[in-house]
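One structure below.
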Amino acid sequence: MTSLRTSTARRTTDLNGARGSRPRILRLPVVASLLGNGVRAALALSFGLVAPIVQTVHAQTPVTLPFDTDFESGEGYTLGPLAADTYWQFGSGLDADILSPGAGSSQALGFSGGDWLWLSTDSQGAQVSWIDFYTKPVFVEPFELPEIIETEQSAVTGFVKVNTQGEVYAIDGDGFGGGSWVPSGELRNLQGDASADWIRLTYRLDYAAKTWDLFVDGEMVMVDLGFLDQSVPDLDSFSVRADGENPTLLDYFYAGNDNPLYIDTSNDGLPDAWLTAQGLSIYSDQRSGDSDLDGLNNLLEYQIASQAGNPDSDGDGVNDGAEYFAGADPTAASAYSLSALPFLESFESYSLGSLGSQGNWTVAGETAEIQATEVWAGSAALSLGGDSSTSNMFDGSGQSVVWIDLYVKPTAAAESPELAGDTAVGYYFNEEGRPTVFDGSGGNGSGFWRLLDAARSSDWRRVTVKMDYSAQAYDFYLDGERLGAGLGFAHAQPFISRITASGSTALDDISVDTVEPAGLDDDRDGSTNAEEIAAGTDPLAFDSDGDGLADSLELLWGLDPTVADATLAQLTEVISGLHVWATS
């Protein structure tokens, strides 16, 4: 097996993240790993435990990056055994040869013997470095993947037999020495245990973010994988451990701080040509940006070939994020059945029993019933079981503000729900029957659950949500009163595409509209917004004229809520520190 590494690590960890004082033993079947301050890769190993893997060697002067070699005669390499090299260092058990042909060239480096080949590098403290090379690795069975891996590594890849083919694997690290093996989906034909063809592997190592990307044959296949050890500061070495018997081949090797695949001015892994075509700057990191607010960052839009500046790339009426997280292709138009706005749903015209696909609703699970036992109004309502959900898709394109108004008879939830990647607003009722809403920050799933100040009740409640897509924020109302204002979206969304209800609950009289529903009271002063507008008062101010009386009380008593009443007692400071109630 071959294995690439970057430093002389002194600790060991298993993949569940626990550090220990065990011997430096690595179960090395088919792995490629980027270690320590640099890179480590284990490509293949046909035998069991190997120890110790850290060799005592005479360190050579690190090569200043960029460094590249293709092992050709013009660099002084000749066919046959290679006992020593100016740049590369060999473990005592390594057998190295210059072989022919190479990966589209005359020569390549081959090595075996179960020992290390490595290169010391000086990246000059670069925060982003790249490793790029061609290889014919040896593949092993899945159970041979390492369970114990040296820490102080940045990244690890592996090569696993899948039936008659081989697949590239990578470790998504947790930053503390643990992580999990993840298949890339990249399958290659085998010749014996080795790859039948050359494979180009490219690593983008981000030492600031402590994440890495893997490219296979020039294609970005895995992104934002976590470092095994987040203490790694920069790239200072690259190592390869050979298979014990079968030679691993290496050619066209590059290590440097610039993208070897395409022009990438900001070094963010995105091609300048693509960024320019999307109207994005090439001079700053664009990976996490989401200018079209569809819930997909630019990196993901690049990967799936959607448009970074168009929230509905295929023009089918459903935004890219909603399609992607539903498992659909945002780049291929689908014939959706979309409910038009305004949308009103009372369930009165439905047949009792299973909701099914009545009224353009889609059901997941088995317990979504139209019933007549628990209703808010009329003779029918929808009831959901705890294992079920239902959703309705809308044509909301171009609508910047949308109001959702409904009646719900909630069942207490012991814990907060998981929010899908295209969820803008999420709320539930806790075990006390009080509303808890998600207040997002940044629209990327970050934020926190906030318990709102409301009376406890398990009876029917009116829930109203004002969705402001321009501000990427929402207001939450319960029983007509606004309890939360300017709450951030959980995930960015450009317009409404669907509403979803899940968990044990009953729903009735659902409205989705661009017009504010009646009976709302933003300032909670007892007068509705409509009443305040008619009276000339501020719907957002509890006491519009500042005279100490709520607008609703002044209206009730026949006073003018827009003019302060002088006959009312006011708290007045008569001397410094002395306040009295007095009329003027």
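Treating each Cα of the range 497-547 as one equal point scatterer and applying the Debye formula with no solvent, the log10 of I(q)/I(0) at q = 0.31 Å⁻¹ comes out as -1.20. Size descriptors for the chain, from the alpha-carbon set: Rg then Dmax equal 31.8, 107 Å. Simple spin-label estimate for A414 and S351 gives 3.7 nm between the two label positions (7 Å along the Cα-to-Cβ direction from each Cα). Couplings 3J(HN,Hα) for the range 321-326, derived from phi with the Karplus relation 6.51 cos²θ - 1.76 cosθ + 1.60 (θ = phi - 60°), are x, 4, 5, 4, 6, 8 Hz, where x marks Gly and Pro.
Note on V401 and D97: their simple-model spin labels are 7.7 nm apart, each label 7 Å out from Cα toward Cβ. Each residue, T500 and S284, gets one label point 7 Å from its Cα in the Cβ direction; the gap between the two is 3.2 nm. Remark: the Cα gyration tensor places the range 272-325 in the prolate category, a/c being 1.5 or greater and a/b exceeding b/c.
Per the Cα gyration tensor, the range 171-223 maps to an equivalent ellipsoid with semi-axes of 25, 14, 9 Å, ordered largest to smallest. Ignoring lysines fewer than eight residues from K136 along the same chain, the ones with Cα atoms less than 22 angstrom from its Cα are K161.
Eigenvalues of the alpha-carbon gyration tensor of the range 85-145, scaled by 5 and square-rooted, set the equivalent ellipsoid semi-axes at 22, 18, 16 angstrom, largest first. Under 5 Å between amide hydrogens, built in the peptide plane, is the criterion, and for V128 it picks out Y207 among residues at least 5 positions away or on other chains.
For V63, the residues whose amide H sits under 5 Å from its own are S120, T121, D122, ignoring neighbours fewer than 5 places away on the same chain, with H placed 1.01 Å from N.
Using unit Cβ charges (K, R positive; D, E negative) and no other charged atoms, how large, in debye to the nearest 20, is the dipole of the range 272-325 about its Cα centre? Don't skip to the end; give the middle numbers.
Working: 1 positive and 11 negative charges, 45 e Å.
In total the dipole reaches around 220 debye.
Karplus-derived 3J(HN,Hα) values for the range 93-100, using 6.51 cos²θ - 1.76 cosθ + 1.60 with θ = phi - 60°, are x, 7, 10, 10, 9, 8, 10, 9 Hz; glycine and proline are entered as x. Each residue of the range 313-318 is assigned a 3J(HN,Hα), and the resulting list reads 4, 9, x, 9, x, 10 Hz, derived from the Karplus form 6.51 cos²θ - 1.76 cosθ + 1.60 (θ = phi - 60°), x at Gly and Pro.
Compared with the alpha-carbon gap, the fully stretched path from I575 to N444 is longer by 41.8 nm at 0.36 nm per residue. Based on the Cβ-Cβ distance of A534 and L261, what FRET efficiency does E = 1/(1 + (r/R0)^6) give at R0 = 41 Å, to the nearest 0.05? It comes out at approximately 0.05.
Building the convex hull from the alpha-carbon atoms of the range 348-464 and averaging its projection over directions returns 8.5 nm². With R₀ fixed at 25 Å, the C-beta to C-beta distance from D513 to T331 puts the FRET efficiency at about 0.20.
Where a number appears in this text, it was derived from the coordinates with a stated rule and is not lab data. Since the model is a prediction, treat every value here as computed from it, not as a measurement. Methodologically, a virtual Cβ is constructed for each residue, glycine included, from the backbone with ideal geometry; neighbour enumeration extends over all protein chains shown.
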